[in-house]
Each structure stands twice: as structure tokens, then as C-alpha cells.
1. Modelled with pLDDT under 95, aliphatic (A, V, I, L, M) and either loosely packed, with under 13 Cβ neighbours inside 10 Å or on the phi < 0 side of the Ramachandran plot (or both), is that true of ALA171?
2. Could you go through segment 80-90 and let me know if any residue there is buried (at least 17 other Cβ atoms within 10 Å of the Cβ), among the hydroxyl-bearing types (Ser, Thr, Tyr) and closer than 27 Å to ARG217 by Cα.
3. Pull up segment 125-137, narrow it to residues that are assigned to a helix (DSSP H, G or I) and not β-branched (Val, Ile, Thr), then point me to the one that is nearest to LYS258 (Cα to Cα).
4. Need at least 3 residues that are more than 18 Å from the chain's Cα centre (by Cα) and hydrophobic (A, V, I, L, M, F, W, C) per element, so show me which helices (runs of 4 or more DSSP H) inside segment 150-258 make the cut, counting only ones lying wholly within it.
5. Failed condition for SER127, given (1) under 30 Å from ALA79 (Cβ atoms); (2) touching a residue at least 12 places away in the same chain (Cβ under 8 Å), with all others met?
6. May I ask you to list pairs of residues, at least six apart or on different chains, whose Cβ atoms are under 6 Å apart, with the first in segment 152-176 being over 19 Å from ASP186 (Cα atoms) and the second being of a type in the set (S, T, N, Q)?
7. If you check ASP239 against the conditions, is it touching a Lys or Arg at 6+ places or on another chain (Cβ under 7 Å) and either surrounded by 15 or more Cβ atoms within 10 Å (Cβ to Cβ) or within 23 Å of THR137 (Cβ to Cβ) (or both)?
8. Please go through segment 39-58 and give me each residue that is without any contact (Cβ under 8 Å) to a residue 60 or more places away in the chain and either touching a Gly at 6+ places or on another chain (Cβ under 8 Å) or within 15 Å of ALA194 (Cβ to Cβ) (or both), ordered by number.
Amino acid sequence: MTEELTQHLNDGVLWVAFNRPETRNALTFAMYDALANLCTSLPTNGPIRAIVISGNGGKAFAAGTDMSQFRDFKTAQDALDYEARIAQVLDDLERCPVPTIAAINGACTGGGAAIAAACDLRITSSSLKFGFPIARTLGNCLASDNLARLSDLMGAGRVREIIFTARLILAEEAQAIGLVSEVLPDEAALMARAKELAQLVGTMAPLTLRSTKEAMRRRRAAIAVEDDDLIAMCYTSDDFHIGIDAFLSKSKPDWTGK
């Protein structure tokens, strides 16, 4: 387990936290891999009955993938390998044999929002800012499985709207549309409720929960579509590199459509 993803076990609940507060917990590849490895190595008959995922630092759950990692992208295969890697992480998270709870405080964007969406349950503090502002920042795209997962949660029309406008969903709206089940007033109350909720679901019949998780995952997987051409188009574009440079220099990108 990397120091950028911490964990501790307490009374049957595994507490996992993204731990790069200086970057609002921007996700490195090592953090993605550590989360996936945790999920795939978890025994079904061990002491862990539920997992709570959160972000350290008080400002963010996770503010997307660390953009500096994209500077080396040169070819379509670089993009396809990246999206396949993230898709596998999210699939591993969904296949986790115990319930997963995203306890979201502050910014939850990009890859962080994708991870939260792949958890079984989501609760938040009132400071939530959830979304994928990629049409304003990087000019890349979401893979089709991510779009399908988000559409299951909030409807295809709203997914299209938040991506097209690059706006972020706040806590009250998130609860109203079913993206999160509860809104707590602050981080302390959020984590206290996460403990209660994790202990509650940890007492439920594990096979019932596991079969429900897997059946819902299979239903979505059955309608998977081919999207390699769309990923390659965005990640190999001039606009993507313009977006990276603008993001890292804190300037506004001048999109070309090429």
C-alpha cells in the first residue's frame, strides 16, 4: 500500500483514504493501482465487513487524475492503455466482495468522481462539488463504461448536461437526484455517519449484498459498446495538449477543434 493511499481496520470497517492533500488528493497511477489491489485481494471470509473511502486534508475527496502524468502521452495507444487501466480499477472496485461507501467531503471530480460513482453507497458533507469539467479543462473524454455508470445514477440527460456545461453538482442537488443518499453538515458529521452506515451494512447478509452488486455490474456490462476510436480522437488531439498546458499553467485553453 502506497503512503498516498492509507488504510486502517477498526471494528470490521476498513478505512481507506486518499492522502495527497497538497494536491487535493489528485490521483497518481500508484494510488489507482493500490485501490484496485486492495479490492482484488480482500478475502470474502475475513474480518472486513465494509470499506469506507474518503480523502485526507479537509478540502477534497479526490480532484481527478494527476494531470502531470499526461504529459508523456504521445500515441492513441497511450490513451487506450490509460482508459483500460482506469476501467479495470473501477471494475475491481465494483467487484469488491464487501460493501463500499464513499464518504465525500469537498471536491470530487474526474477520476475521484468516477471512483465515488463505482462505490455501492455515497454520502457527503455540505461542501460537495461533484463533476467532470473536462470540456472546460482538458478536452479529453469519458469512456463509455463511465458514462453508463453515471447514467445509471443520475440519468443520461443530466450526465450530458453537466459534461457539456462543465458545471459541478453541489450537495443539495446531489441528494435530490439520488447521486448521494445523505448530506451531512460537515466533515466530522460525515465521518461519524460513515462509521454508523458501514457498521450497519456490515451486519447484513453478505451473500445478498454480494449477489446484488454483481448482478447490477453484469447488467451494465451486457450493454458495453466499442469506444476506442472516440478515446483516440480526444487524447491524440491538439486540443488535449493545449488543455494540459493550460491546466498546468493555470491559464484558459484556446480550443481549436483539432
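The values are calculated or read from the model by the stated rules, or taken from the named source; none is laboratory data. Not measured: the values here are computed from a predicted model. All Cβ positions, glycine included, derive from the backbone under ideal geometry; neighbour counts span all protein chains shown.
1. No, not satisfied.
2. Yes.
3. ALA135
4. Answer list for segment 150-258: 187-201, 206-221, 228-235, 238-248.
5. (1)
6. That search, which allows pairs on different chains as well, returns VAL159/SER151.
7. In short, yes.
8. PRO47, ILE48, GLY55, ASN56
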